Amino acid sequence: MKITCYYGDHSDMGYISLKPVSENQFDEYEWSKNEISQHMQPDQITIPYVIDEVVSPFLDRMTIAAHTFEEDYEEGYDTQFGNDIDEHGYITGIELTLYHDRFIDLVKNQVFKVFKIEWRNREYHLVTFDYANEVFKKENVIYKLTDGEDAFVIVQLVEPEQLGYQYTDENDQKRPVALFKGLISARDDIYPLEYLLKPQFFIRKDEGYFWVEQGVRCDAVEKELWDFISLEKRANILETIICEKCLAALDSLDCTIEMKSTNSLISRIYCNQCEHRFVKVVEWD
Ligand SMILES: [Zn+2]
């Protein structure tokens, strides 16, 4: 299970990928910046598989919502951010506020676990995103993801004020905010056990970035190296950055540059015109 946490001066953002994502969304370069080993020992980074614990009585004490999770969105609850949900209603990813010290604590204490359970005469895998006493609270609500009733989420509904939300408009409808505590799945094809048990925890300080040019950004620490290059040369370098497939110019590209040395850089490019993603090395004298 891949869980990422970016922390910085402005916000601490997390993302839980509940199903495998293709590699280009999170490339090797980004992974190389993972700071998790600075915070804990490698043997602390695990997702335990628990097979002999009886937890279904705790699930039976919770309320099971009548509607699917998707149907009740903005009716019975709000979420912290938008969630990624596929065309059938299965959640693929959860965006959340995740304070980095809390994330480190959760990983260190092996809070992310997969339970093999029997519930309502069926076998499921239950994935937990918090400590057991939070996941198995009887006040929590279980939502089916689809009418197939083969995957569910456990959420805790909290008053928005508790999360520090403030309403400027008195007439704004105040709905509780759903915090994800667990996923219950009998769909190994959508949420493969092998993936759920693979601990891919990523944490990185987000130092912010600078715009070098419209569409081209550069890590704050590397901006100094960029600034060292003469203005004329910089213009020449940027001119060479075009889409290798459709030849779209810089203004159609999203580009991140990483300085390799004082006379070479790696650019990671996404073309908004043809959706091509590629890496280009630029060198100069
Ligand atoms: Zn292109």
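The values are calculated or read from the model by the stated rules, or taken from the named source; none is laboratory data. Quick caveat, the model's predicted, so the values are computed rather than measured. Cβ placement follows ideal geometry from the backbone for every residue including glycine, while neighbour counts extend to all protein chains displayed.
So the values come out like this:
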quantity: Residue list for the stretch 216-255, filter: within 16 Å of the ligand (Cβ to nearest atom), surrounded by fewer than 19 Cβ atoms within 10 Å (Cβ to Cβ) and closer than 13 Å to residue 268 by Cβ; calculated: 244, 254
quantity: Residue match in the stretch 255-273 (condition: farther than 30 Å from residue 59 by Cα, out of contact with any Pro (no Cβ under 7 Å at 6 or more places or on another chain), in the same structural domain as residue 129 (by TED's automatic domain parsing) and not in a strand (DSSP E or B)); calculated: no
quantity: Residue check for residue 200: modelled with pLDDT of 95 or more, surrounded by 12 or more Cβ atoms within 10 Å (Cβ to Cβ) and either closer than 20 Å to residue 89 by Cβ or not assigned by TED's automatic domain parsing to the domain that holds residue 252 (or both); calculated: no
quantity: Given (1) assigned by TED's automatic domain parsing to the domain that holds residue 8; (2) in contact (Cβ under 8 Å) with a residue 24 or more places away in the chain; (3) exposed (fewer than 15 other Cβ atoms within 10 Å of the Cβ), number of the condition residue 194 does not satisfy; calculated: (2)
quantity: Scan of the stretch 274-285 for residues that are over 30 Å from the mean Cα position of the chain (by Cα) and in a loop (DSSP other than H, G, I, E, B), ordered by number; calculated: 284, 285
quantity: Selection count where residues are of a type in the set (Gly, Ala, Ser) and under 17 Å from residue 128 (Cβ atoms), scope the stretch 31-81; calculated: 1
quantity: Residues of the stretch 260-285 that turn out to be away from the ligand (no atom under 16 Å from the Cβ) and either over 18 Å from residue 236 (Cα atoms) or at pLDDT 85 or above (or both), as a count; calculated: 8
